[in-house]
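Here's the structure we're looking at; comments come further down.
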Amino acid sequence: MLPISPQRLAVYATVAIAVLVIGWRSQSGSPPTAYPEPAAATATAQDSSAAPAVVVVDVVGAVRRPGVYRLPGAARVLDAVRKARPTGRADLAGLNLAARLADGEQVVVPKRGGGGAAAVAPVAGSADAPVHLNSATLEQLETLDGIGPALAQRIIDYRTMRGGFHSLDELDNVSGFGPARMAALHGHVAL
């Protein structure tokens, strides 16, 4: 065995002490420094499958600035109504302000005492317009052939539990849907 010089032994001892001090500090409870991910990157990773990047909606009725608005994909009816600035006569109690918006919807803000119900619909007044599963009311769902109050409620319960429908095929997961009913609704429903 070769003899170790005193200088080399001092270097080895210094390195060993430094390793021990670093190890002791990491175990002493002081958390290691972590750099948080940017919020936008985190949100994009989590929401990429749940919502489109942008939705385009038409806001009409008792608002100061009716029109078409581009909003973030996870926007709610409340966001669209705020953007259009509701009037003092707007009856916001008639709207589900927490409902997620779907691309191509029309949000109708009713007037107080106007007698008309608020709606979130694809195109106002169009009988051929598809019913949007992620925002349709119980009454709107019941307008579909073969959908009664009980099945319409199961659709609403399903979308509430799952945060909305992500594809039309998910309707098959709702109790009471099978291939025949899915085929009958083809072209009459949308997200």
Let me spell it out: the conditions are (1) at pLDDT 85 or above; (2) closer than 25 Å to residue 133 by Cα, and residue 95 meets all of them except one. Which number is the exception?
(1)
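Here's the yes/no breakdown for (1) surrounded by fewer than 20 Cβ atoms within 10 Å (Cβ to Cβ); (2) modelled with pLDDT under 80:
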| site | (1), (2) |
| --- | --- |
| 107 | no, no |
| 117 | yes, yes |
| 120 | no, yes |
| 136 | no, yes |
| 155 | no, no |
| 166 | yes, yes |
Listed by first then second residue, the pairs whose first member lies in region 162-191 and is under 15 Å from residue 130 (Cβ atoms), whose partner is of a type in the set (D, E, K, R) and surrounded by fewer than 16 Cβ atoms within 10 Å (Cβ to Cβ), with beta carbons under 7 Å and at least 6 positions apart or on separate chains, are 182/172; 184/145
Filtered residue count, region 55-84, keeping only those that are free of Cβ contacts under 8 Å to residues at least 24 places away in the same chain and either assigned to a strand (DSSP E or B) or out of contact with any Leu (no Cβ under 8 Å at 6 or more places or on another chain) (or both):
9
The condition of being surrounded by 19 or more Cβ atoms within 10 Å (Cβ to Cβ), modelled with pLDDT of 90 or more and in contact with a strand residue (DSSP E or B) (Cβ under 7 Å, 6 or more places away or on another chain) holds, among 90, 84, only for 84
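The values are calculated or read from the model by the stated rules, or taken from the named source; none is laboratory data. Quantities reported herein were computed from a predicted structural model and do not represent experimental measurements. Every residue, glycine among them, receives a Cβ derived from its backbone with ideal geometry; neighbour counts consider all protein chains shown.
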